[in-house]
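*Asks:* Please read through the structure below; I'll follow up with questions.
The values are calculated or read from the model by the stated rules, or taken from the named source; none is laboratory data. Only a predicted model underlies this, so the values are computations on that prediction, with no experimental measurement involved. In this analysis, Cβ positions are derived from the backbone assuming ideal geometry, glycine residues included, and neighbour counts consider all displayed protein chains.
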Amino acid sequence: MPNWANLMLTKQGKVLQAKAIAGNTLTITKMKLGAGIIPDGVSPEDLTDLIQPKQVLGLTAISVNGGLAKIQSIVTNAELSEGYYIRECGVFANDPDVGEIMYAIMTDTSPDFLPSASSSVVISEEFSINVVTENMANITAIIDPEGIVTVANARKIAEDKVTEHNEDTEAHLNDFNLKGLVIGTDAVKATKKGDLLSLVAGKGINLLSDIKNKIITIVGKSKNAWNPNEVIIDGDIRYTEDGNGPSWAYLLCKTAGTTGATEPTLANNVVVGQEINDGTVVWTVQKNSNALSFAGKEADLFALLNSPAFTGTPTAPTAAKTVNNTQIATTEFVHLLAGAANNGGIVDSLLAQNGYVKFANGLILQWGYLVTNSSHVYNNFSCEF
């Protein structure tokens, strides 16, 4: 309500103001808020009441400072049956001669809407008006305890409204109904979603810890996780938990035994090969990137680096037929070389006194040996495609 026009005395208010200046007591009795719009041609100072009164506000306090009297009240929608735009405000006072009158009025050109009590919004705010009079010693106000809504009252009204809303079974149709839910040894017996917070905070349940314990119970710890009082054999490996050691390190059993009740702590400056005593077990620190130990089962899992004995059908990348280095030659590589050789190699031959050799590219080499009647010997050699 930031757009109130200046407070204007009504004609009756001006008469009462003159009486106050003359020495009579100016007694402010109440305020009114309304939704009315002053008709064209009607002066606010001619009004004796609001155009459309909606609420009567009891006064909570009055304070005088210099030539200014501050009158206070509380605006709330706690018992408002119908919402409205607050367009007009009247200040009422007692005239010793005619009784209660509307002493002053002001209007709002850009009114705020005050919702009804049935809405989800609970409003309670302080409302004050400054009154100027020449005789401040004679100004007073009637404070009506029955009509006052204090900040504490308004807070209680708001809390009651929220509680009433949450307890309404139709208020949270999309929420999960927590009735009958059991967490640990505690049961949720109400249906409000706030009950889960009360269960966790009020009853002291550590929900995350409870979930963690349930998971450990169901799946157990990892085979290679450290466990207290565990029998360890040579070659076993374990990884520490909870940050007990640098992330690159793991433990390799050097001396078999039983682990202690608490997990050993590895310093950040621990080095590879360093021995760690744990109960009757002696561990050595190893580096994850060099890990080749799997609980002493390496021979069953991996081929040796030196003179490996592969099983099954090992495969390897096939090199191009032009490669000449120490890369492994596959059967596919051998076939490539054989095919290349066949493109210019011998495909047929007769290696006799009279014979030939036929190459894959079509070249034929022939030779022969001839003996004539005159005992002359002739060697004949030919080459053709």
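*Asks:* Pick out the one residue from Leu80, Leu50 that is out of contact with any Asp or Glu (no Cβ under 9 Å at 6 or more places or on another chain) and assigned to a loop (DSSP other than H, G, I, E, B).
*Replies:* Leu80
*Asks:* What single numbered condition from (1) closer than 22 Å to Ile139 by Cβ; (2) in contact with a Pro (Cβ under 8 Å, 6 or more places away or on another chain); (3) charged (D, E, K, R) fails to hold for Arg87?
*Replies:* (1)
*Asks:* Is it the case, given these coordinates, that Gly66 is surrounded by 14 or more Cβ atoms within 10 Å (Cβ to Cβ), more than 18 Å from Asp108 (Cβ to Cβ), over 46 Å from the mean Cα position of the chain (by Cα) and modelled with pLDDT under 90?
*Replies:* Answer is no for this residue.
*Asks:* May I pose another question? Can you tell me how many residues in segment 27-44 are surrounded by fewer than 16 Cβ atoms within 10 Å (Cβ to Cβ) and touching a residue at least 60 places away in the same chain (Cβ under 8 Å)?
*Replies:* 0
*Asks:* Test each condition in (1) over 16 Å from Met102 (Cβ atoms); (2) crowded, with 17+ Cβ neighbours inside 10 Å; (3) not small (Gly, Ala, Ser) for Gln17 and report the one that comes out false.
*Replies:* (1)
*Asks:* Would you mind telling me which numbered condition in (1) crowded, with 18+ Cβ neighbours inside 10 Å; (2) in contact with a Gly (Cβ under 7 Å, 6 or more places away or on another chain); (3) within 22 Å of Asn130 (Cβ to Cβ) Gly58 fails?
*Replies:* Answer for Gly58: the failing condition is (1).
*Asks:* Now for a separate question. Taking only segment 1-44 into account, find how many residues are assigned to a helix (DSSP H, G or I) and of a type outside the set (A, V, I, L, M, F, W, C).
*Replies:* Selection size over segment 1-44: 7.
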